[in-house]
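Below: the structure, in structure tokens.
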Amino acid sequence: MTAGEKKGGKSLAVVVTLAGSIIAFFLGSGFATAQEIVQYFVAYGGLFLPVILLTLLIFGYTDYSFLTAGASGKLAHSSQVFRHYAGRYLGAFFDGFTILLCFLSFVVMLGGTNAMLHQQYGAPLGLGAIILAILIVIAVAAGLNGMLSALGKLGPIIIALVIFIAVGTLINDGGQAAHGVAQVDSGEVQLMNVGGNPLLSALSYSGFVLLWFATFMAEMGERQGKRDSANAVAMAVGVICLGLSLVALAIFTHVEELATVDIPSLVLAGRISPAFAYCFSIVIMAGDFTTGAPLLWTVVARFTKEGSKAYKLLTIGLGLAGVLIALFLPYRRLVNVVYGYSGYIGAAFLVCIIVHDVQSWLNKKSGAEKAPDAQC
């Protein structure tokens with residue numbers, strides 16, 4: 001084997017691991033439970049696929065932009081990515097809001113496991129949140145590099161099993177999907193939704209996700225390099241698109257039954273095999289973990305130095321606070337409120353990203369040596 005082949009093989013392994021990390025972060029609690037797929041995509045009936053495609057188009061574009069910013073070496077710290085796009089004052093607002101969003105989204109992950117253990121096993125409310133919080137605190141205390149390795153391994157497993165449930169459902173009951181779409185389109189089945197229309201739903205979904213990913217991807221671009229990271233984003237977007245589409249179609253096959261349950265994917269898993277539903281509950285918890293760990297890391301790393309005593313103490317403290325909040329907020333409402341309203345703030349930041357990138361492109365095209373910071 002030549003040196004070039006070895007390097008190529010190593011690069012492919014890096015890309016696959018990074019793509020797995022992105023998939024794991026993106027496809028966390030809401031995907032594994034299928035609750036966010038119901039509220040953002042299935043709720044719009046026959047328009048579900050255009051909403052998915054628009055969402056992932058925005059996701060892929062913004063992630064590439066964040067990677068470029070991180071790899072440029074212009075950010076003294078990855079959290080400066082917001083000021084990089086939006087200027088000093090508006091950037092500070094987006095930065096502060098994102099810290100709050102990441103913490104609240106971490107609470108959503110705890111709520112997902114809480115609801116899952118209660119629905120599937122009848123466990124007392126609170127137990128799931130406590131167990132997951134302990135696992136996430138341990139992972140975050142290990143630092144970003146250790147987390148990337150764990151997420152890269154868990155991500156493909158999670159999406160493979162969720163897709164298995166979707167495919168199994170479609171094989172058994174796929175003929176009912178068109179009827180389910182018609183039920184939603186006609187208003188016969190009413191679903192909790194975000195946005196009120198397909199465009200706002202796509203903007204809201206991509207909005208809260210890009211706020212999640214801004215610091216994470218800028219840090220990845222700095223540590224891993226632009227080329228491998230960009231290839232990983234492309235790979236991840238393709239897999240995510242397939243996963244979202246298949247799960248949405250599977251939900252349509254039993255949309256009336258799934259309209260009011262917290263964890264739709266568990267119901268679908270139980271239809272394949274009751275024993276499999278019990279196994280899949282572990283997958284849901286893994287999905288909560290793979291998303292919750294980077295979210296908590298984003299908050300803790302913003303205020304403390306990774307590996308320090310303060311870093312570990314803050315990790316533990318926020319883990320405890322998250323458990324307490326998750327005890328008092330219902331899961332479906334938590335997803336709707338936290339993700340929905342946060343998405344609109346993220347959509348505003350998207351405008352700043354586009355303005356900045358267009359200005360940079362125009363300056364580069366005209367031969368300017370350095371593009372000025374964009375101001376929204």
Size of electric dipole in region 23-360: Cβ of Lys, Arg +1 and of Asp, Glu -1, about Cα centre, debye, nearest 20: 1020
Estimated distance in nm for a label pair at residue 313 and residue 130, the labels positioned 7 Å out from Cα along Cα-to-Cβ: 2.5
Per residue convex hull volume, Cα atoms of the chain, in Å³: 147
Under the Karplus curve 6.51 cos²θ - 1.76 cosθ + 1.60, θ = phi - 60°, whole-Hz ³J(HN,Hα) for region 114-120, x wherever Gly or Pro sits: 4, 5, 5, 5, 6, 5, 8
For the chain, built as a Gaussian network whose Cα springs stay under 10 Å, the top-fluctuating residue of 362, 117, 210: 362
Computed FRET value (nearest 0.05) for residue 138 with residue 364, which takes r as the C-beta separation and R₀ as 30 Å: 0.10
Given 226/365; 305/364; 226/309, the pairs whose alpha carbons are separated by over 30 Å: 305/364; 226/309
Low-density loop positions, trypsin sites (Lys or Arg not before Pro), region 235-308 - DSSP coil, at most 10 other Cβ in 10 Å: 305
Fluctuation leader among 56, 334, 313 - the chain, Gaussian network, Cα springs under 10 angstrom: 313
Rounded FRET efficiency, nearest 0.05, which uses the C-beta distance separating residue 278 from residue 320 and R0 of 30 Å: 0.55
Where GluC sites (Glu not before Pro) fall in DSSP loop in region 172-253, at most 15 other Cβ within 10 Å: 188
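Read-outs: derived from the displayed coordinates by stated rules, not from any lab. Note that this is a predicted model, so its numbers are computed, not measured. Every residue, glycine as well, gets a Cβ built from its backbone with ideal geometry; the counts of neighbours run over all protein chains shown.
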